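For reference, the structure discussed in these notes is given below.
Derivation of every value follows stated rules applied to the coordinates shown; laboratory data play no part. What you see is a predicted model; the values in this text were computed from it and never measured. Neighbour counts are summed over all protein chains in view; Cβ atoms, including those assigned to glycine, are modelled from backbone coordinates with ideal geometry.
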Amino acid sequence: MKTVLSAVLAVVLLSVGAQAASIVSAVSVTASSERALVPASATINQSGLSASYVSGVTDFDTYLGSNPTHTLIARDNEWFSDFGNLTPTLTFDLGAVLTIDRIALWVEESSGFSTAALSSSTDGVTFGSLGTINPADNPLADYPAEVFGIATTAMRYFRMDFSGCPQPDPGSTDECSLGEIAFSSVDPTSTPIPIPAGAILLGSALATGLAATRRTRRQG
């Protein structure tokens, strides 16, 4: 009973203040280091993804919930820095100032990266820190996305300063790499998604039932 109640209440709590978000792709990207056949532009063109989306239209959670994977084939599908350049930077231009609350990353399965400092800007000049991420190692296979939450921020430019390359396992070459990136864009003027009345009533009923069960057990 307690497990069921917890699950229902978790759904209710997650609904409070939630906003619908569309998945968006950057319109361009600038790399401090890249190689022919594996350019940074491959990280924003959906070339390696198992399923496509419409930038600014497709729902972020619905798309990621379908578990789209990225091919392990590198040529024209992934970005790699120059050999030996283990601290490259990628700067993404979203094309307009958007309100972003999450980042989806498909981290290349062989070299990848283990640490990246994130920052954002509205003008491309002054950047503010969004913190540091440490993605999981992906196996040598088509790989899934990993979603990172950030403080909801208005930005046009998003920068990743990489370090910790290659990833520890398998870490085959001395370079940084990334498969694809996408952003969760929310409308800052929209109202939170309302909680279904039925869910509230069900949660309340389960809470009452659980309390009654506990009283009965104590009395027994």
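Key figures
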{"read-out": "Computed label-point distance, nm, for sites residue 83 and residue 45 using a 7 Å Cα→Cβ extension", "value": "2.4 nm"}
{"read-out": "Gain on full stretching of the segment that runs from residue 20 to residue 123 - 0.36 nm per residue minus C-alpha separation", "value": "34.5 nm"}
{"read-out": "Viscosity 0.890 mPa s, temperature 25 °C, Stokes-Einstein D of the range 56-133 from Kirkwood C-alpha radius, µm²/s", "value": "161 µm²/s"}
{"read-out": "Highest average packing first - 99-111, 151-163, Cβ atoms within 10 Å", "value": "99-111, 151-163"}
{"read-out": "5 angstrom amide H check on residue 113, placed H, neighbours 5+ away", "value": "167, 177"}
